[in-house]
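Working notes, beginning with the structure itself.
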Amino acid sequence: MYNPLQAPSDPTTMAKKLRVLIAKPGLDGHDRGAKVIARSLRDAGMEVIYTGLRQTPEMIAEAALQEDVDAVGLSILSGAHMALVPRLLAQLRDQGQAHVAVLIGGIIPDEDIPLLREMGVAAVFGPGANTEAIIRAFQEAVAASPKAV
């Protein structure tokens with residue numbers, strides 16, 4: 001329906017909506033935090049795909065490829081981040097998706113954060129993280145990520 005108060009759509013001036021995949025890898029069954037983040041990112045204007053619980057790194061990478069996402073957000077409360085994240089990053093690289101930014105949140109010990117960052121994780125958030133900071137981190141990580149050719 002035509003709305004005279006809305007400017008006509010011009011693809012040359014419209015900003016691309018960020019596409020983000022939110023996933024819960026491993027056997028952890030607590031997804032409230034992931035859903036809160038998914039909703040916050042959506043409310044900030046991003047297109048969000050939520051994969052649900054108990055995803056393998058391979059399933060997450062395949063979903064990222066199929067959905068053509070700009071970033072993947074992982075919620076990990078199980079303590080398995082040092083096993084799951086390297087597998088996901090390798091899978092993304094193997095599928096030609098090294099440009100996809102990966103951010104994680106959950107119960108991550110402080111001593112693991114530098115290691116995760118060295119692996120290529122764009123940002124790491126713990127419990128109680130500010131949603132505005134998380135939104136900004138997704139935007140900045142995608143902006144800084146090299147695009148696929």
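Where a number appears in this text, it was derived from the coordinates with a stated rule and is not lab data. A quick note: this is a predicted structure, and the numbers were derived from the prediction, not measured. Methodologically, a virtual Cβ is constructed for each residue, glycine included, from the backbone with ideal geometry; neighbour enumeration extends over all protein chains shown.
Annotations
- On Cα atoms only, tilt of 131-144 relative to the major axis of the chain in degrees: 80
- For the chain, the longest principal axis of the C-alpha atoms and the axis of helix 81-94 are separated by about 50°.
- For R42, neighbours were defined as the other residues whose beta-carbon sits under 12 Å from its Cβ, and their charges (Lys and Arg +1, Asp and Glu -1) total +2.
- The H on the amide N of V72, modeled in the peptide plane, is under 5 Å from the matching H of L21, A101, V102, L103, each at least 5 residues off or on a different chain.
- With the convex hull drawn over the C-alpha atoms of the range 13-149, the volume per residue is 101 Å³.
- Trypsin sites (Lys or Arg not before Pro), loop per DSSP, at most 16 other Cβ atoms within 10 Å - longest free stretch of the chain: 55-146
- Once the Cα gyration tensor of the range 80-133 is diagonalised, semi-axes √(5λ) in Å: 20, 13, 9
- Percentage relative contact order, the chain, counting C-alpha pairs under 8 Å, at least six apart: 23
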